[in-house]
1. So in the range 54-64, with the set limited to residues that are touching a strand residue (DSSP E or B) at 6+ places or on another chain (Cβ under 8 Å) and outside any strand (DSSP E or B), which one is nearest to D4 (Cα to Cα)?
2. For the subset of the range 54-68 comprising residues that are over 22 Å from A8 (Cβ atoms) and surrounded by 11 or more Cβ atoms within 10 Å (Cβ to Cβ), which member is modelled with the lowest pLDDT?
3. Please specify each residue of the range 19-53 satisfying the condition of being among the aliphatic types (A, V, I, L, M), in contact with a Lys or Arg (Cβ under 9 Å, 6 or more places away or on another chain) and either outside any strand (DSSP E or B) or touching a residue at least 12 places away in the same chain (Cβ under 8 Å) (or both).
4. Suppose we filter the range 20-53 for residues that are farther than 17 Å from P68 by Cβ, loosely packed, with under 12 Cβ neighbours inside 10 Å, touching a strand residue (DSSP E or B) at 6+ places or on another chain (Cβ under 7 Å) and among the aliphatic types (A, V, I, L, M); how many remain?
Amino acid sequence: MNGDVAFAHMLHLDKGNANLPEEQRERGFWLRSTVCCQRSNDKWLITHEHISLPVDFRSGSVLMGLVP
């Protein structure tokens, strides 16, 4: 945090089961998020958010099975 600007980054596990066949329920994957917040009129607002998944650059595939 620096004055009226703050950054945060995190790893989080996203999972769910809505609209999935029975054999695919309770699947999840880890992703990284970075958010930038700015204070304006004594309130903090998210002004930018970036979400990314690990990628195998040789194949171009997202690596959904990695665990931190």
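1. In this case the residue turns out to be P54.
2. Looking at the filtered set, the residue picked out is M64.
3. The answer is L20, I51, L53.
4. Result for the range 20-53: 2.
The values are calculated or read from the model by the stated rules, or taken from the named source; none is laboratory data. None of the values given here were measured: they were computed from a predicted structure. So basically every Cβ, Gly included, is an ideal-geometry build from the backbone, and we count neighbours across all protein chains shown.
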